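What follows draws every value from the coordinates through simple rules; no lab data is involved. Predicted model only: the values in this text are computed from it and were never measured. Note: ideal-geometry Cβ built from the backbone for every residue, glycine included; neighbour counts use all protein chains shown.
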Amino acid sequence: MTDPQKPTEEIKEAAKTVSTEMAAPIEQITSKIESWWDGLISMLPNMAVALVLFIIFLVSAKAVQSVFLKLFRKSSDNKALENLFGTIVYYVVLGTGIFIILEVLQLEKAVTSLLAGVGVVGLALGFAFQDIAANFVSGIILAFRKPFLVGDIIDINGIMGPVQRTNLRVTVVKTFQGQEVYLPNKDVLQSPITNYSVLAQRRIDLAVGISYGDDLQKVEDLVTNTLKSLEGVIRLEDLIFTYTGFGDSSINFEIKFWIDYPDNPGFLHMRSKAIKAIKAAFDDNDITIPFPIRTLDFGIKGGETLSQMKINTGNAPT
């Protein structure tokens, strides 16, 4: 017969074995929790110092940002740049405080890993967005150099018009044809910039031809006096009249004179006004602006004279 006590003993032995096997992990977990707790207790003074440092650096970041913005406004009125630099200063001070706090909490490895990660991410972003970064840096340089202001008439690589707006990436120019052109700041910084609004003056150059039969000195005096008496012409002492050469049917000259330059329509109006004034002066003094002349010679070698040519009158009935 089977002993009824034997299964009970086996069950007890199995339960004892399971209890022994579970005791070791539980003891390890308990020991770990106790070590964490002890570490937390020992770190409480450092955590208190870290909290105080965080509050100090938070306040300091705001104070340094405020001082920086006051100094920045004295050198530039660029709002976009002001906000950018203010934000950068704020987070630089706050980031410095975070690194110090991590040191206080004895997390040196975390600081090293964080710095390495920032370096790798910065390098990757530098390669991936080098054009954007170049435009960004160029925008900062332009904001400080101020080669032009909003509303100035500029010419960059043949694109001419008033500046509509600028930011840290592009400069927007509205051409005189009514189109907005977005110029990357990198190209603006690297290109020659003609700013017509700095001196607010511009020279007009006119090329004219007169007949070979006209008196050259009379023409020079007439044109010079006409433009000097024309309303809108400035810097009369800088007016330049020069004969430039013998043309096919005329003697050519150039007249260069200065005007105030508020905008391009004003320039076009003054140029048109000067042309009309010179033409009227020529008409009043019998000075001719010749048409091109062509001479036909039918007596050259291999050809025949006009008198020898037969004129085809057609077969029309008489």
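Provide Rg over Rh for segment 147-195; use the alpha carbon set for both Rg and the Kirkwood Rh (inverse mean inverse pair distance).
Using only Cα positions, Rg/Rh for segment 147-195 is 0.90.
At q = 0.25 Å⁻¹, what log₁₀ I(q)/I(0) does segment 201-284 have when each alpha carbon counts as one equal point scatterer in the Debye sum?
-1.29
Here are some pairs, Lys174/Lys273; Lys174/Lys276; Lys218/Lys279; Lys74/Lys174; Lys218/Lys256; which of them have Cα atoms lying more than 20 Å apart in this structure?
Exceeds cut-off: Lys174/Lys273; Lys174/Lys276; Lys74/Lys174.
When the Karplus curve 6.51 cos²θ - 1.76 cosθ + 1.60 is applied with θ = phi - 60°, which whole-Hz ³J(HN,Hα) does each residue of segment 177-183 get, with x for Gly and Pro?
Calculated HN-Hα couplings, in order: 8, x, 10, 8, 10, 9, 9 Hz.
Tell me the net charge near Arg235. Cut-off is 15 Å between Cβ atoms, Arg235 excluded, with +1 for each Lys or Arg and -1 for each Asp or Glu.
The answer is -1.
Counting Lys and Arg as +1 and Asp and Glu as -1, what is the net charge of the other residues whose Cβ lies under 15 Å from the Cβ of Thr175?
Numbers: positive: Arg165, Lys174; negative: Asp152, Asp155, Glu180, Asp263.
Around Thr175, the surrounding residues sum to -2.
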